[in-house]
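This report refers to the structure that appears directly beneath it.
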Amino acid sequence: MTGIPDIMLNNGNTIPQFGFGVFQIEPQDTVKAVVTALQAGYRHIDTAEGYGNEKQVGEAIARSGLNRKEVFVTSKLGNASHRPDDARQAFDETLGALGTDYIDLFLIHWPLPTRYDGDYSSTWQALEGFYREGRARSIGVSNFQPHHLRRLHQECEIPPAVNQIEVHPYLTQSGVRSFCAEHQIAVEAWSPIAQGKVLDDPTIVSVARGAGKSPAQVVLRWHIERGDIIFPKSVTPARIRENIDIFDFELSGEDVEAIGALNRDERTGPDPDTFDAI
Ligand SMILES: NC(=O)c1ccc[n+]([C@@H]2O[C@H](COP(=O)([O-])OP(=O)(O)OC[C@H]3O[C@@H](n4cnc5c(N)ncnc54)[C@H](OP(=O)(O)O)[C@@H]3O)[C@@H](O)[C@H]2O)c1
């Protein structure tokens, strides 16, 4: 028993608040890492067409002996496939690579507002189709700013269930998080430990010492207490187990506040308003 809470999405489905991310895991290392995570109790895997390892994620789930229904799987539409016909083909390919006939959550990976004539609404309408067909149990977006979300609310029928954005102690994202809270959009925090950059921070080291936990565990717990969904990545078996071992302690309100006060609005990844790689 790991005690991982479920979060209820705006469509009534639930998602485990904690999972495993596979960005920057080489295809040849992915089966081993995902099997290690599933053995350690992870039941939620976050992949993407762009990570090049959907096939290996599917293989790991099959190899784990778990029932498909026991594992929550997310993938994301590649940036080259925003036109609706391309999105439909890409979605079929994602299901094929994962070896499944449905996905728990499918996201538009980036809004790409400077591409495709700034039209992410017709891309979203393609995802609405996957949802209506039941092949995507939930649909959402990633790296959307409030002005991108407002446009979907105006032009589309189904509101996104989640917005997956970069969040960590150096980028607390209070604006996007409040917008999402007001509109019942669950926040998923990517790069939750800022790819390791926050782990030497003196405040985090001091909170970790007080809690008898590692800096990574304290930062991951901070996200859980703020209510965000997280999926730290690691290829290191000891870290995979360390990262899930955060459901036996709590941070005080002061510690949560002290870690939040480290915000510097500092991104480790691209700015969604200008990112245009396809
Ligand atoms: N939607 C998007 O645009 C987007 C963008 C980025 C990420 N994501 C998602 O978010 C997931 C997590 O983000 P991320 O992979 O960028 O970064 P992250 O989870 O914040 O950090 C991963 C890095 O931290 C190291 N690490 C992991 N656990 C550690 C621990 N306990 N102690 C010390 N170091 C540790 C890992 O090293 P080792 O692997 O060498 O152990 C790896 O280098 C991704 O895998 C992906 O699923 C989404």
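The values are calculated or read from the model by the stated rules, or taken from the named source; none is laboratory data. Just so it is clear, the structure is predicted and the values come from calculations on it, not from any experiment. Note that we place each Cβ from the backbone using ideal geometry, even for glycine, and neighbour counts take in every protein chain shown. Note: accessible area is taken over every heavy atom of the protein model, side chains too, but ligands, DNA and RNA are not part of it. Shrake-Rupley method; radii C 1.70, N 1.55, O 1.52, S 1.80 Å.
Descriptive notes on the structure:
- Packing around the peptides 244-255, 97-108, taken as the average count of other Cβ atoms within 10 Å per residue, puts them in this order, highest first: 97-108, 244-255.
- Taking amide H as placed 1.01 Å from N in the peptide plane, residue 164 has its amide H under 5 Å from the amide H of 141, 142, 143, 144, 188, each at least 5 places away in sequence or on another chain.
- For the chain, share of DSSP beta bridges that run antiparallel, in % to the nearest 5: 15
- Amide H contacts for residue 77 (H built 1.01 Å from N in the peptide plane; partners 5 or more residues away or on another chain; cut-off under 5 Å): 107, 108, 109.
- Count, lysine Cα pairs under 29 Å in the chain, 8 or more residues apart or across chains: 15
- Scalar couplings 3J(HN,Hα) for the stretch 92-109, obtained by applying the Karplus form with A = 6.51, B = -1.76, C = 1.60 to θ = phi - 60°, are 4, 5, 4, 4, x, 5, 6, x, 9, 9, 8, 10, 6, 8, 10, 10, 6, 5 Hz; x denotes Gly and Pro.
- For the stretch 218-278: rounded, prolate or oblate by the Cα gyration tensor [a/c cutoff 1.5]: oblate
- MRE, 222 nm, helices only [DSSP H, n ≥ 4, -39500 (n - 2.57), over the chain, to nearest 500]: -12000 deg cm²/dmol
- Relative contact order (%) - the stretch 205-276, alpha-carbon pairs under 8 angstrom, separation at least six: 29
- Accessible surface of the chain [probe 1.4 Å, protein heavy atoms]: carbon and sulfur percent: 46
- Three semi-axes of the equivalent ellipsoid, the stretch 27-153, Cα gyration tensor, whole Å, largest first: 27, 14, 13
- Of the Cα atoms belonging to the chain, the radius of gyration and Dmax stand at 17.9, 54 Å.
- Taken as Cα centroids, the stretch 56-131 and the stretch 212-248 sit 26 Å apart, rounded to the nearest whole angstrom.
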